[in-house]
Amino acid sequence: MIVLVTGANKGLGYETARRLIDLGHRVVVGARDADRGHAAATALGARFVQIDVTDDVSVRAATDDVTSHEGRIDVLINNAGVSEGMTPVDQLVVEQAQRVYDTNVFGVIRVTSAFLPLLRKSESPAIVNVGSGLGSFARTHDSDNLESKVVAPIYCSSKAAVSMLTAQYAKALPEMRVNAVDPGFTATDLNGGRGVQTVTEGTDAIVAMATLGPDGPTGTFQDRHGHVGW
Ligand code: NAP
């Protein structure tokens, strides 16, 4: 299986790549920074492709690069993501939202559109969108959940958009499996290492959704314990 992971130079993306390589799959390590991407790919024994998900030119060049080297992909993992930090709500500015949405939301659309032709060359294509429980209306309204205590309007709404994009792509692409995952609160640079899970725990759902067979579900939102309420 040939898998492209965006934002694979560190954190959950790197661990996803490591685990999929361990399982015998061929992983293309996507990263926006050439030095960080090359270093990660070298450590993993994988091939690096430069891809900044906010940049049309970069995404197009990445598509050309994968077309000439791999010729297809079986799984696209839209993992690259950023957060806005903990800005008080009365200090939010549109530019901040645009920056976060450009990666977390428009990046998913940009990369998915660009790589659909290469996914269509696969016998069993799949897309895994890395969303978040913080984008779940069910979780953020349930006072028993940690997610209900967090106030981060831009990040949370960007991940809610990832959920709906997943549901819509799943309807539009019945020939593929398109699922969203919530890694769970995992210690990475995104949260200054405050997450309570290891990156291995945090990638359980990503790896599971990436390695589903052709009969696997589509249009679902899952974490390492099972289904997540939208
Ligand atoms: P991380 O360690 O900060 O990694 C984020 C990755 O995304 C890095 O490789 C980063 O590259 C890359 N990236 C950011 N902007 C990019 C762009 N424009 N183009 C390409 N790559 C870009 O964070 P993480 O926790 O592993 O996050 C991975 C995904 O999981 C994100 O979508 C995040 O929202 C989601 N998530 C995380 C948690 C958690 O608790 N950690 C929970 C739920 C969901 P650079 O190194 O160049 O910045």
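Things to note:
- Segment 88-144 versus segment 1-75: alpha-carbon centroid distance in Å: 18
- Converting phi to 3J(HN,Hα) with the Karplus coefficients 6.51, -1.76 and 1.60 and the offset θ = phi - 60°, segment 89-94 yields 4, 7, 10, 5, 10, 4 Hz in sequence order, with x at every glycine or proline.
- Loop-located GluC sites (Glu not before Pro) across segment 138-228 with a Cβ neighbour count of 14 or fewer within 10 Å are Glu175, with loop assigned by DSSP.
- Unit charges on C-beta of K, R, D, E only; dipole of segment 87-230, Debye: 320
- Accessible area of Tyr14 in the full protein assembly, 1.4 Å probe (Å², nearest 10): 60
- Computed accessible area, Ile206, all protein chains, 1.4 angstrom probe, square angstrom: 0
- As a calculated quantity, the FRET efficiency between Val89 and Val57 at R0 = 45 Å, using C-beta atoms, amounts to about 0.85.
- Convex hull volume of the Cα atoms of segment 63-189, normalised per residue: 123 Å³.
- Cα-based values for segment 173-230, radius of gyration first and Dmax second, are 12.6, 39 Å.
- For Leu190, Leu20, the ranking by accessible surface with the largest value first comes to Leu190, Leu20, using a 1.4 Å probe.
- Once the Cα atoms are used to define both axes, helix 11-22 deviates from the longest principal axis of the chain by about 40 degrees.
- In this structure the amide hydrogen of Gly7, modeled in the peptide plane, comes within under 5 Å of the amide hydrogens of Gly30, Ala31, Arg32, Ala80, none closer than 5 places in sequence on its chain.
- Exposure of Met1 as accessible area (Å², to 10), given a probe of 1.4 Å and all protein chains: 70
- Taken along the Cα-to-beta-carbon direction at a fixed 7 Å, the label points for Asp33 and Arg194 span 2.2 nm.
- On a per residue basis, the chain carries 45 Å² of accessible surface, using protein heavy atoms and a 1.4 Å probe.
- Sites Ala208 and Gln98, calculated FRET efficiency, Cβ-Cβ separation with R0 45 Å, nearest 0.05: 0.85
- Long-range amide H partners of Gln197 with built H, under 5 Å: Thr186, Ala187
- In the chain, taking the dipole from charged Cβ atoms about the Cα centre, the farthest positive-side position among Leu44, Gly107, Val94 is held by Leu44.
- Accessible surface of segment 38-116, 1.4 Å probe, proportion on carbon and sulfur as whole %: 55
- Rg followed by Dmax, in Å, when the chain is reduced to its Cα trace: 16.4, 50
- With helices as the sole contributors, the chain gives -12500 deg cm²/dmol at 222 nm; each DSSP H run of n ≥ 4 counts as -39500 (n - 2.57), and the sum is divided by every residue.
The values are calculated or read from the model by the stated rules, or taken from the named source; none is laboratory data. What you see is a predicted model, and the numbers here were worked out from it, not measured in a lab. With ideal geometry, Cβ positions are generated from the backbone for all residues, glycine too; neighbour counts draw on all protein chains shown. Side chains included, ligands, DNA and RNA excluded: accessible areas come from the protein's heavy atoms. Shrake-Rupley method; radii C 1.70, N 1.55, O 1.52, S 1.80 Å.
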